[in-house]
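Q: This is the structure I want to talk about, given as structure tokens.
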Amino acid sequence: MTQMIEAVMVLLVLTNLLLLGTSRLATCIRTVAIQGVALGTLPVLGHAHELSLRLVLLAVGSASLKGVVFPFLLFRAMREADVRHEIEPFVGYTASILIGIGSLAVSVWASSRITLPGPAVSSLVLPAALFTILVGLFVIVSRRKALMQVIGYLAMENGIYAFGVVLVGEIPMLVELGVLLDVFVAVLVMGIAIYHIRREYDHIDVDELDALKG
């Protein structure tokens, strides 16, 4: 099972780099969907020796929300906003990939300095989770489109989820499902907000909303 978990972590790193290097919103949505489905398997892979109904429900619920429901809502918001690309981000795509590689190095270094309360199922889990969180935060602050910022939020949550499910497996299921519900509500509210921003101002560039100040 350790090899399968490491494969998921490698996939997480590669999809993060893809997220940093593409301007196509549809590709970004599919990327976080792939992350969601892959991360949905972690509860089962990380605790296969003590498989329970709680872990199966968590895996199915997580994969369904992250891999199906969230992408559906994002594609719907993209169609209603009539936007397909992130044209002029605050940070260019080549620079974003270079920053991503630097963030990966920082994540590997930081993970080697962190003392965990128990043994991790794989040495790749912590650096991959930290890297995903950093990528999500970077996408939020470096992209102009509100939809891309929602995608960054989902990527950041994916990193937090990977860290929590594999390293802190004893969290009660109600807490885990509560977090997923919070993310679901957040994505739903953000999708509605994107629709209204597009309808009122004919764009979803959040930096241009600064003109409304004062």
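The values are calculated or read from the model by the stated rules, or taken from the named source; none is laboratory data. Bear in mind the structure is a predicted one, so any value in this text is a computation, not a measurement. Virtual Cβ from ideal backbone geometry, glycine too; neighbours counted across all protein chains shown.
Q: Quick check on region 112-119. Is at least one of its residues closer than 18 Å to Ala162 by Cα and in a helix (DSSP H, G or I)? Walk me through how you get there before you give the answer.
A: So the first thing to find is which residues in region 112-119 are closer than 18 Å to Ala162 by Cα, and the list is 112, 114-119.
Within this subset, residues satisfying the condition of being in a helix (DSSP H, G or I) are 112.
Yes, because at least one residue in region 112-119 is closer than 18 Å to Ala162 by Cα and in a helix (DSSP H, G or I).
Q: If a residue has to be at pLDDT 90 or above, surrounded by fewer than 22 Cβ atoms within 10 Å (Cβ to Cβ), over 17 Å from Leu65 (Cβ atoms) and not polar (S, T, N, Q) to count, how many in region 26-51 make the cut?
A: Residues in region 26-51 being at pLDDT 90 or above, surrounded by fewer than 22 Cβ atoms within 10 Å (Cβ to Cβ), over 17 Å from Leu65 (Cβ atoms) and not polar (S, T, N, Q): 1 in total.
Q: Kindly provide the set of residues from region 77-88 that are more than 18 Å from the chain's Cα centre (by Cα), in a helix (DSSP H, G or I) and surrounded by 15 or more Cβ atoms within 10 Å (Cβ to Cβ), ordered by number.
A: The initial filter retains those residues of region 77-88 that are more than 18 Å from the chain's Cα centre (by Cα), namely 79-85, 87-88.
Okay, now just the ones that are also in a helix (DSSP H, G or I), so 79-81.
Listed by number, the residues that qualify are Glu80, Ala81.
Q: I would also like to ask the following. So which of Leu57, Leu73 is crowded, with 16+ Cβ neighbours inside 10 Å, in contact (Cβ under 8 Å) with a residue 12 or more places away in the chain and not acidic (Asp, Glu)? Give the derivation first.
A: Values: Leu57 fails: crowded, with 16+ Cβ neighbours inside 10 Å.
Just a single option satisfies the conditions, and that option is Leu73.
Q: If you check Leu104 against the conditions, is it in contact (Cβ under 8 Å) with a residue 60 or more places away in the chain, in a helix (DSSP H, G or I), farther than 18 Å from Leu154 by Cβ and in contact with a Phe, Trp or Tyr (Cβ under 8 Å, 6 or more places away or on another chain)? Even if it seems obvious, please write down each step before you answer.
A: On the way: in contact (Cβ under 8 Å) with a residue 60 or more places away in the chain: yes; in a helix (DSSP H, G or I): yes; farther than 18 Å from Leu154 by Cβ: yes; in contact with a Phe, Trp or Tyr (Cβ under 8 Å, 6 or more places away or on another chain): yes.
Spelling it out, Leu104 is indeed in contact (Cβ under 8 Å) with a residue 60 or more places away in the chain, in a helix (DSSP H, G or I), farther than 18 Å from Leu154 by Cβ and in contact with a Phe, Trp or Tyr (Cβ under 8 Å, 6 or more places away or on another chain).
Q: Might you check whether a residue that is more than 16 Å from Thr132 (Cβ to Cβ) and surrounded by 15 or more Cβ atoms within 10 Å (Cβ to Cβ) occurs anywhere in region 90-106? Break it down stepwise before answering.
A: To start, the set of residues in region 90-106 that are more than 16 Å from Thr132 (Cβ to Cβ) comprises 90-95, 98.
Okay, now just the ones that are also surrounded by 15 or more Cβ atoms within 10 Å (Cβ to Cβ), so 91.
Yes: one or more hits.
Q: With the condition kept exactly as written, say whether any residue in region 55-64 is more than 19 Å from Ala162 (Cβ to Cβ) and of a type in the set (A, V, I, L, M). Spell out how you get there, then give the answer.
A: At the first step, the residues of region 55-64 found to be more than 19 Å from Ala162 (Cβ to Cβ) are none.
No, region 55-64 has no match at all.
Q: Let me ask something additional. Just checking, does region 127-147 include any residue being basic (Lys, Arg), farther than 17 Å from Gly36 by Cβ and either part of a helix (DSSP H, G or I) or without any contact (Cβ under 8 Å) to a residue 12 or more places away in the chain (or both)?
A: Residues of region 127-147 that are basic (Lys, Arg), as a first pass: 143-145.
Those still in the list that are farther than 17 Å from Gly36 by Cβ too: 143-145.
Cutting the leftovers down to either part of a helix (DSSP H, G or I) or without any contact (Cβ under 8 Å) to a residue 12 or more places away in the chain (or both) gives us none.
Among the residues of region 127-147, not one is basic (Lys, Arg), farther than 17 Å from Gly36 by Cβ and either part of a helix (DSSP H, G or I) or without any contact (Cβ under 8 Å) to a residue 12 or more places away in the chain (or both), which makes the answer no.
Q: Let me ask something additional. So for region 62-76 (the condition being part of a loop (DSSP other than H, G, I, E, B) and not basic (Lys, Arg)), does at least one residue qualify? Don't jump to the end; show me each part of the working.
A: In the first step, residues of region 62-76 are kept if they are part of a loop (DSSP other than H, G, I, E, B); the result is none.
No, region 62-76 contains no residue that is part of a loop (DSSP other than H, G, I, E, B) and not basic (Lys, Arg).
Q: Hey, another quick one. All but one of (1) over 17 Å from Glu157 (Cα atoms); (2) aliphatic (A, V, I, L, M); (3) modelled with pLDDT of 85 or more hold for Leu17, so report the exception by its number.
A: (1)
Q: Quick test of your reading of the structure: Asn158 fulfils all but one of (1) in a helix (DSSP H, G or I); (2) at pLDDT below 85. Name the failing condition by number.
A: With (1) in a helix (DSSP H, G or I); (2) at pLDDT below 85 applied to Asn158, the lone miss is (2).
Q: Over 29 Å from Glu50 (Cβ atoms) and either modelled with pLDDT under 90 or of a type in the set (Ser, Thr, Tyr) (or both): is that true of Ala146 in this structure?
A: Details: over 29 Å from Glu50 (Cβ atoms): yes; either modelled with pLDDT under 90 or of a type in the set (Ser, Thr, Tyr) (or both): yes.
When the stated conditions are applied, Ala146 passes them.
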